[in-house]
1. Can you work out which of the residues in segment 115-137 that are in a loop (DSSP other than H, G, I, E, B) and out of contact with any helix residue (DSSP H, G or I) (no Cβ under 8 Å at 6 or more places or on another chain) is modelled with the lowest pLDDT?
2. Tally up the residues in segment 94-110 that are outside any helix (DSSP H, G or I) and either free of Cβ contacts under 8 Å to residues at least 12 places away in the same chain or within 19 Å of residue 33 (Cβ to Cβ) (or both), please.
3. Could you tell me how many of the residues in segment 16-38 are at pLDDT 85 or above, touching a helix residue (DSSP H, G or I) at 6+ places or on another chain (Cβ under 8 Å) and more than 24 Å from residue 101 (Cα to Cα)?
4. Among the residues of segment 17-26, are any more than 13 Å from the chain's Cα centre (by Cα), surrounded by 10 or more Cβ atoms within 10 Å (Cβ to Cβ) and part of a loop (DSSP other than H, G, I, E, B)?
5. Considering 112, 53, which residue is closer than 27 Å to residue 6 by Cα, in contact with a helix residue (DSSP H, G or I) (Cβ under 9 Å, 6 or more places away or on another chain) and surrounded by fewer than 14 Cβ atoms within 10 Å (Cβ to Cβ)?
6. Could you grab me the full set of residues in segment 27-48 that are in contact (Cβ under 8 Å) with a residue 40 or more places away in the chain and within 12 Å of the chain's Cα centre (by Cα)?
7. Taking the options 91, 8, name whichever one is over 24 Å from residue 116 (Cα atoms), touching a helix residue (DSSP H, G or I) at 6+ places or on another chain (Cβ under 7 Å) and in a helix (DSSP H, G or I).
8. Is it the case that residue 46 is surrounded by 11 or more Cβ atoms within 10 Å (Cβ to Cβ), in contact with a helix residue (DSSP H, G or I) (Cβ under 8 Å, 6 or more places away or on another chain) and farther than 22 Å from residue 7 by Cβ?
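The values are calculated or read from the model by the stated rules, or taken from the named source; none is laboratory data. Treat the numbers as computed from the prediction; the structure is a model and nothing was measured. When we count neighbours, we look across all protein chains shown, and the Cβ atoms used for this are built from the backbone with ideal geometry, even at glycine.
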């Protein structure tokens, strides 16, 4: 690995860490950098997911006062997340590299749109559950 690739990945990792600390979305920085460094898209995606997991865990622990109390709805959401993540990982492993490469721009676009509209989506969700939108962080 040459110095240019090392610099690219280091810079993307640093920028991604700052982005995640401020608002999230590091993958939108780090995944393209991994692709540019020569990793295959599926390998870059899996590597990126593994790399950001400890940061998500630490963020949840550091802001644990904001975590919801454990109730049946949360347990259901956690179970759905685990099942969905497992099925997504299996789907990723069986998807041909060429198909995944074709889907990547659309997936990044959808993620960017969800990230950009996150506060509006959250406010709409709170409003639909009868909570005041001015209480949404």
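1. Of all residues in segment 115-137, those in a loop (DSSP other than H, G, I, E, B) come to 117, 129-132, 136-137.
Still in the list and also out of contact with any helix residue (DSSP H, G or I) (no Cβ under 8 Å at 6 or more places or on another chain): 117, 129-131, 137.
On the way: 117: 90, 129: 71, 130: 68, 131: 57, 137: 48.
Filtering first and then ranking leaves 137.
2. In the first step, residues of segment 94-110 are kept if they are outside any helix (DSSP H, G or I); the result is 95-96.
So of that shortlist, the ones also either free of Cβ contacts under 8 Å to residues at least 12 places away in the same chain or within 19 Å of residue 33 (Cβ to Cβ) (or both) come out as 96.
Selection size over segment 94-110: 1.
3. Adding up the residues that qualify gives 2.
4. No - not one qualifying residue is present in segment 17-26.
5. Details: 53 fails: in contact with a helix residue (DSSP H, G or I) (Cβ under 9 Å, 6 or more places away or on another chain).
Matching residue, one of 112, 53: 112.
6. Residues satisfying the conditions are 27, 28, 31, 45, 46.
7. Numbers: 91 fails: touching a helix residue (DSSP H, G or I) at 6+ places or on another chain (Cβ under 7 Å).
When all the criteria are applied, what remains is 8.
8. Details: surrounded by 11 or more Cβ atoms within 10 Å (Cβ to Cβ): yes; in contact with a helix residue (DSSP H, G or I) (Cβ under 8 Å, 6 or more places away or on another chain): yes; farther than 22 Å from residue 7 by Cβ: yes.
Yes; evaluated as a whole, the condition is true for this residue.
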